[in-house]
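What follows is a short report on a single structure.
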Amino acid sequence: MKKNRFRHLKKKLSLLHCISFFFVSLWIKQYKNMKKVALITGITGQDGAYLAEFLLKKNYIVHGIKRRTSLFNTDRIDHLYNDPHAENKDFTLHYGDMTDSMNLTRIIQEVQPDEIYNLAAMSHVKVSFDTPEYTANADGIGTLRLLEAVRLLGLTKKCKIYQASTSELYGLVQEVPQSEKTPFYPRSPYAVAKMYAYWITVNYREAYGMHASNGILFNHESPVRGETFVTRKITRAAARMAMGMQDKLFLGNLSSKRDWGHAKDYVEAMYLILQQDEPSDYVIATGITTTIRDFVKMTFAKLGITLEFRGEGADEKGFMTHIDNDLFSETVGANFLESLQKRLKQDIVEVDPRYFRPTEVDLLIGDATKAKTRLGWKPKYTLDTLIDEMITSDIKLFKKENYLKDGGFTILNYFE
Ligand code: NAP
Ligand code: G4F
């Protein structure tokens with residue numbers, strides 16, 4: 001009798017368990033349906049990685065498009081990865097390419113995004129002179145492929161689109177500082193391709209009533225900035241030189257000026273642009289401009305190294321005139337001091353005309369008043385805190401490489 005009652009109770013409990021499991025899964029499903037779905041192209045890039053992290057924190061379901069590459073290209077988003085076998089994933093990657101319309105259309109159909117952030121691009125200005133046709137295809141027509149896919153799939157009312165436009169559009173600047181009203185004058189195949197992308201975004205907005213907006217972002221950097229952009233090239237070189245892993249830093253035009261911000265601040269602006277009731281185009285910038293030369297000086301100064309530039313044009317050189325031993329020991333390590341001191345008074349930065357561009361953009365400085373007033377956007381980082389974060393991260397990176405080298409392992413040069 002007692003046994004029977006116990007069996008009965010057990011049955012009841014397991015039934016209760018099943019029912020509650022059913023309701024919990026239903027609740028999860030509904031909750032998931034309430035979450036916004038974002039699709040990010042270029043998710044493996046600097047901005048893609050920061051944006052994915054930002055949107056996941058805001059409770060989005062994030063889908064990203066990555067290219068097929070012969071080696072893994074997901075270092076920057078590794079920390080966001082879910083096991084592909086896990087249930088209820090909030091982060092999913094799809095293979096795709098901006099040059100493949102059918103692939104883009106299929107992904108958009110599958111994902112049914114509320115927001116698309118089009119960040120994918122061949123984004124290196126100098127390289128675009130070597131690959132102009134590909135750049136036009138991926139950066140220009142690629143944007144058209146996305147917009148047209150959204151339109152053909154009948155998602156024009158559901159899906160908002162952010163287009164990664166650029167301060168490179170201003171090129172040979174027609175006005176200082178540059179705002180949304182400044183006329184464009186692109187100076188590279190990259191900028192010309194981005195000009196097409198800018199206007200096709202505006203055109204789809206006006207022709208089909210799409211919520212499609214351009215963020216005209218000025219240069220933004222971070223510890224995960226691509227190694228061949230000038231800021232990261234400088235912070236990496238400073239870290240390597242401090243540890244005796246590199247002799248010289250070769251750069252191109254030292255006199256051009258850039259308005260540098262932090263990518264973390266800039267992805268927040270992308271998000272804010274898509275949260276507006278009305279689509280529009282916004283300049284995102286700090287309003288402060290700095291020469292490449294000063295960026296070099298500021299970076300080395302963080303390690304206690306004073307640089308003085310002498311000469312002009314291709315003959316200009318940066319000499320190490322002073323080392324603050326205490327600051328160097330604190331930031332890099334006293335064990336590296338002796339070998340660096342041997343190089344005091346020598347030139348450690350040189351100009352290599354190979355890095356000059358056929359047509360240069362000499363001065364960029366943005367006026368972000370519209371973003372500040374309408375979006376309430378304000379950068380948290382200064383150039384000083386940006387450089388601080390970048391150089392600290394590169395010192396850490398190359399200390400790790402040094403340990404590996406000392407342990408007899410081969411380390412890669414990654415020179416360009
Ligand atoms: P990035 O680090 O170079 O990342 C570019 C991303 O695009 C990478 O994920 C790359 O994939 C992907 N990609 C390149 N070609 C592709 C193709 N054909 N199909 C699919 N994906 C492709 O650039 P970022 O600094 O994050 O910049 C993001 C976007 O903002 C770019 O459109 C850039 O032009 C624009 N922008 C950047 C800045 C800036 O200062 N950072 C300023 C204004 C505008 P892989 O990882 O496989 O290479
Ligand atoms: O770091 P950069 O290569 O960036 P650039 O050309 O300004 O383009 C970046 O910002 C744009 C926004 O304005 C984005 F749209 C674009 O996708 C990319 O993210 O070069 C900055 C400046 C240039 O004037 C260049 O001539 O630095 C100068 N520079 C001097 N020496 C160098 C070097 N640039 C590079 N990459 N490497 C050098 O050795």
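Just so you know, all these numbers are worked out from the coordinates, no wet-lab data involved. Since the model is a prediction, treat every value here as computed from it, not as a measurement. Glycine also receives a Cβ, built like all others from the backbone with ideal geometry; neighbour counts cover every protein chain displayed.
Projected onto the charge dipole of the chain (+1 at Lys/Arg Cβ, -1 at Asp/Glu Cβ, origin at the Cα centre), which of ILE107, SER222, VAL361 gives the Cα projection farthest towards the positive end?
Toward the positive end, the furthest listed residue is ILE107.
Please report the relative contact order for the range 102-253, taking Cα pairs under 8 Å with a sequence separation of at least 6, and give it as a percent rounded to a whole number.
Details: 202 pairs, mean separation 36.7, N = 152.
Dividing the mean separation by the residue count of the range 102-253 yields 24 percent.
Helix-only estimate, please: 222 nm mean residue ellipticity of the chain, summing -39500 (n - 2.57) across DSSP H runs of length 4 or more and dividing by its residues, to the nearest 500.
Values: 13 runs with 169 residues, N = 416.
So the helix-based figure for the chain works out to -13000 deg cm²/dmol.
Principal axis extents for the range 264-318, Cα atoms only, whole Å, descending order, please.
Taking max minus min along each principal axis of the Cα atoms, the range 264-318 gives 53, 26, 14 Å.
When the chain is fully extended, how far beyond the present Cα-Cα distance does LYS181 get from TRP199, taking 0.36 nm per residue of separation? Working shown, then result.
Numbers: separation 18, 0.36 × 18 = 6.48 nm, distance 1.39 nm.
That pair, LYS181 and TRP199, stretches by 5.1 nm at full extension.
I'd like to know which of LEU375, VAL296, PRO132 lies farthest towards the positive end of the charge dipole of the chain, counting +1 on Cβ of Lys and Arg and -1 on Cβ of Asp and Glu.
Value computed over the given set: LEU375.
Find how many whole Å separate the alpha carbon centroid of the range 68-99 from the alpha carbon centroid of the range 259-282.
Centre-to-centre distance over Cα atoms comes out at 24 Å.
What list of ³J(HN,Hα) couplings, whole Hz, do you get for the range 114-122 from phi and the Karplus terms 6.51, -1.76, 1.60, once you set θ to phi - 60° and write x for glycine and proline?
Residue by residue, the range 114-122 yields 7, 9, 10, 10, 8, 9, 5, 5, 7 Hz.
Using only the alpha carbons of the chain, what is the convex hull's orientation-averaged projected area in square nanometres? Show your work: numbers first, answer last.
Values: hull surface 109.4 nm².
Averaged projected hull area, Cα only: 27.4 nm².
I'd like the Karplus ³J(HN,Hα) series for the range 328-343: coefficients 6.51, -1.76, 1.60, θ = phi - 60°, whole numbers in Hz, and an x wherever there's a Gly or Pro.
4, 5, 5, 8, 10, x, 4, 5, 9, 5, 4, 5, 6, 4, 5, 9
P(r) of the range 199-289 in 10 Å steps, Cα pairs, percent per bin?
With 10 Å bins starting at 0, P(r) equals 14, 33, 26, 17, 8, 2.
Please enumerate, by chain and number, the aspartates and glutamates with C-alpha under 12 Å from the C-alpha of LYS248, excluding those fewer than 8 residues away in the same chain.
ASP347, GLU350, ASP352
How far apart, in nanometres, would the label points at GLN112 and GLN275 be if each is projected 7 angstrom from Cα along the Cα-to-Cβ direction?
Roughly 2.5 nm, to one decimal.
Below 21 Å, Cα to Cα, which lysines can LYS36 reach? Residues fewer than 8 away in the same chain don't count.
LYS57, LYS58, LYS66, LYS89, LYS157, LYS158, LYS160, LYS264
Kindly work out what percent of the DSSP beta bridges joining two residues of the chain are antiparallel, to the nearest 5. If you can, show how the numbers build up before the last one.
Details: 11 of 45 bridges.
Beta bridges within the chain, antiparallel portion: roughly 25 percent.
Just to be sure I understand: with springs between alpha-carbon atoms less than 10 Å apart, which residue in TYR282, TYR204, TYR355 has the highest mean-square fluctuation in the Gaussian network model of the chain?
The residue with the greatest mean-square fluctuation here is TYR355.
Taking the Cα-to-Cβ direction at LYS345 and at TYR208 and moving 7 Å from each Cα, how far apart do the two end points lie in nm?
6.8
Any idea what the dipole of the range 292-364 comes to, in debye rounded to 20, about its Cα centre with Lys/Arg Cβ at +1 and Asp/Glu Cβ at -1?
Numbers: 10 positive and 14 negative charges, 30 e Å.
Dipole magnitude for the range 292-364 comes out near 140 debye.
Less than 14 Å Cβ to Cβ from GLU168, Lys/Arg counted +1 and Asp/Glu -1: what total charge do the surrounding residues give? Numbers along the way, then the final one.
Working: positive: LYS126, ARG187, LYS194, LYS257, ARG258, ARG357; negative: ASP139, ASP259, GLU360, ASP362.
Once positives and negatives cancel, what remains is +2.
Helix 383-406 versus the longest principal axis of the chain: what is the Cα-based angle in degrees, 0 to 90, to the nearest 10?
90
What is the extension gain from PHE72 to LYS380, computed as 0.36 nm multiplied by their sequence separation minus the C-alpha to C-alpha distance, in nm to one decimal?
On the way: separation 308, 0.36 × 308 = 110.88 nm, distance 3.22 nm.
Between PHE72 and LYS380, full extension yields an extra 107.7 nm.
Over its Cα atoms, what ratio of radius of gyration to 2.2 N^0.38 Å does the range 84-228 give?
After normalising by residue count via 2.2 N^0.38 Å, the value is 1.11.
With +1 on each Lys and Arg Cβ and -1 on each Asp and Glu Cβ, how big is the dipole of the chain about its Cα centre, in debye rounded to the nearest 20?
Numbers: 57 positive and 51 negative charges, 581 e Å.
Charge dipole of the chain: 2800 debye, to the nearest 20.
Once you list every other residue whose beta carbon is under 13 Å from the beta carbon of LEU363, what net charge do they have if Lys and Arg are +1 and Asp and Glu are -1? Walk me through the intermediate numbers first.
Values: positive: ARG187, LYS257, ARG258; negative: GLU168, GLU175, ASP259, GLU360, ASP362.
Net charge around LEU363: -2.
What does the charge count near GLU227 come to, summing +1 for each Lys or Arg and -1 for each Asp or Glu among other residues with Cβ under 15 Å from its Cβ?
Values: positive: ARG76, LYS126, ARG225, ARG232, LYS233, ARG236, ARG240; negative: ASP75, GLU221, ASP394, GLU401, GLU416.
Around GLU227, the surrounding residues sum to +2.
Cut-off under 15 Å on the C-alpha distance; same-chain residues fewer than 8 positions from LYS380 excluded. Which aspartates and glutamates are left, in chain and number order?
GLU221, ASP259, ASP265, GLU268, ASP388, GLU389
When you take every Cα atom in the range 314-416, what is the radius of gyration, and what is Dmax, the widest Cα pair distance, in Å?
19.5, 56
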